[in-house]
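The values are calculated or read from the model by the stated rules, or taken from the named source; none is laboratory data. Keep in mind that what you see is a predicted model, and the values were worked out from it rather than measured. Neighbour counts are summed over all protein chains in view; Cβ atoms, including those assigned to glycine, are modelled from backbone coordinates with ideal geometry. Quick note on the areas: whole protein, heavy atoms, side chains included, nothing else; ligands and nucleic acids left out. Shrake-Rupley method; radii C 1.70, N 1.55, O 1.52, S 1.80 Å.
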Amino acid sequence: MDHANPSALQVCPGCDPPQPPEPARVSRRRKGLSRAQYLDGILAGDRTVLAQAITLIESSRAADRELADQLVEQCLRSSGNSLRVGITGVPGAGKSTLIEALGNYLITECGQKVAVLAIDPSSERTGGSILGDKTRMATLAASDMAFIRPSPSRGSFGGVAQHTREAMLLCEAGGYRNIIVETIGVGQSETAVHNMVDFFLLVTLAGAGDELQGIKRGVMELADLVAINKADGDNVVAADRTVAEAKNALHYLPGSRSGWTARAIACSALTGRGIREIWNCALDNAALTRANGCFDENRREQRRRWMHETLELGLRQFFSAHPLIRMRMETFEREVLEGHTTPFRAARTLLEMYSNLGSGRTP
Ligand SMILES: Nc1nc2c(ncn2[C@@H]2O[C@H](COP(=O)(O)OP(=O)(O)OP(=O)(O)O)[C@@H](O)[C@H]2O)c(=O)[nH]1
Ligand SMILES: [Mg+2]
């Protein structure tokens with residue numbers, strides 16, 4: 001449910017008085033909070049409880065899942081009043097540094113709290129950039145008005161995306177009206193993030209007719225704004241040239257249904273160039289789409305998609321966890337590898353076995 005408050009998003013600079021610091025933290029056991037304690041803590045803006053609640057939703061224990069579902073349901077009533085911004089780009093493009101700059105801008109110039117969530121599909125493979133992110137956002141991490149949550153380092157990608165969506169709702173209930181989701185620009189992650197945000201920012205680098213061509217057309221199509229980062233020092237001229245190239249490339253892409261025309265700008269997370277413009281661009285987009293109904297329609301469609309994705313994820317988990325399927329999977333895999341059966345027949349037979357289990361028939 002989106003309880004959007006348009007006035008909250010219209011004007012940014014100086015629009016809100018700085019919010020009061022969060023309540024003094026009471027020492028409490030790390031585990032075992034009741035649902036009411038979680039809820040009260042989140043609603044009161046207690047970041048420790050918020051972090052614990054996100055750990056709860058990331059838990060795979062059935063009892064935790066039930067409590068987490070109840071909590072997310074209750075938080076939903078206080079969520080939605082936010083601007084959700086997704087940021088993607090190749091590793092090293094400067095996403096985290098840019099988020100640090102944007103976050104500091106929001107806190108100091110707009111007096112608004114900001115939550116940063118990270119989806120890192122590579123984390124399982126590489127151990128993740130969790131420490132990197134925390135250190136790249138050092139100033140932000142030290143602020144009472146920021147909440148930074150690195151991605152979990154384990155679990156399937158679908159699961160990670162699922163947890164990020166729920167974490168986003170909890171952050172909104174905690175009064176974070178700016179949610180920034182960072183992902184690295186590889187494969188499925190940028191589509192997943194695009195499907196959970198209102199505004200999608202692609203961070204890229206100068207240098208770069210080649211660079212732009214290297215970016216998959218699909219990602220350019222998703223972008224509401226392309227930011228050419230590191231436009232500082234010797235890089236300024238090249239960055240400005242890349243902006244022109246990006247504008248040209250965007251011009252040939254199909255227009256968005258919302259009537260928004262994607263933009264390109266140069267920025268520097270280090271010098272602060274373009275930071276205000278980036279945020280104003282997100283606000284312009286929100287103003288346009290709120291006025292023509294696309295903002296709410298997009299969020300409604302996202303909720304429908306989340307339901308289906310959660311369903312698919314759950315079905316996959318039920319399927320793979322079933323003892324009979326686990327027992328037979330290896331045999332079928334071997335038969336496929338040795339060419340004794342086709343991948344299609346093997347998959348269909350396993351599915352039939354599973355569906356017969358549900359109907360009580362002998363598999
Ligand atoms: N000159 C310059 N360097 C920058 C800028 N922004 C980031 N950097 C540097 O680029 C490097 C990578 O920055 P990150 O913010 O970690 O990049 P990222 O895109 O988050 O990287 P991953 O999370 O690993 O995908 C760091 O050494 C930053 O200091 C900028 O605007 N100008
Ligand atoms: Mg990063």
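Any idea which residue in the range 272-299 is farthest from ligand 2 (Cβ to nearest atom), counting only those that are out of contact with any helix residue (DSSP H, G or I) (no Cβ under 8 Å at 6 or more places or on another chain) and in contact (Cβ under 8 Å) with a residue 40 or more places away in the chain? Here the residue is R299. Put simply, of R290, R241, R273, R257 the only residue that is more than 16 Å from ligand 1 (Cβ to nearest atom) and part of a loop (DSSP other than H, G, I, E, B) is R257. In the range 43-68, the residue that is modelled with the lowest pLDDT out of those that are among the acidic types (D, E) and either under 23 Å from I180 (Cα atoms) or within 16 Å of ligand 2 (Cβ to nearest atom) (or both) is E58. Criterion first (at pLDDT 95 or above and either of a type in the set (D, E) or assigned to a loop (DSSP other than H, G, I, E, B) (or both)) does D40 satisfy it? Considered against the rule, which asks whether it is at pLDDT 95 or above and either of a type in the set (D, E) or assigned to a loop (DSSP other than H, G, I, E, B) (or both), D40 comes out as yes.
Residues in the range 304-363 that are of a type in the set (D, E, K, R), modelled with pLDDT of 90 or more and more than 27 Å from E73 (Cβ to Cβ): 10 in all. If you go through the range 61-93 and pick out every residue that is in contact with an Asp or Glu (Cβ under 7 Å, 6 or more places away or on another chain), part of a loop (DSSP other than H, G, I, E, B) and open to solvent by less than 10 Å² (accessible area, probe 1.4 Å), you end up with 3.
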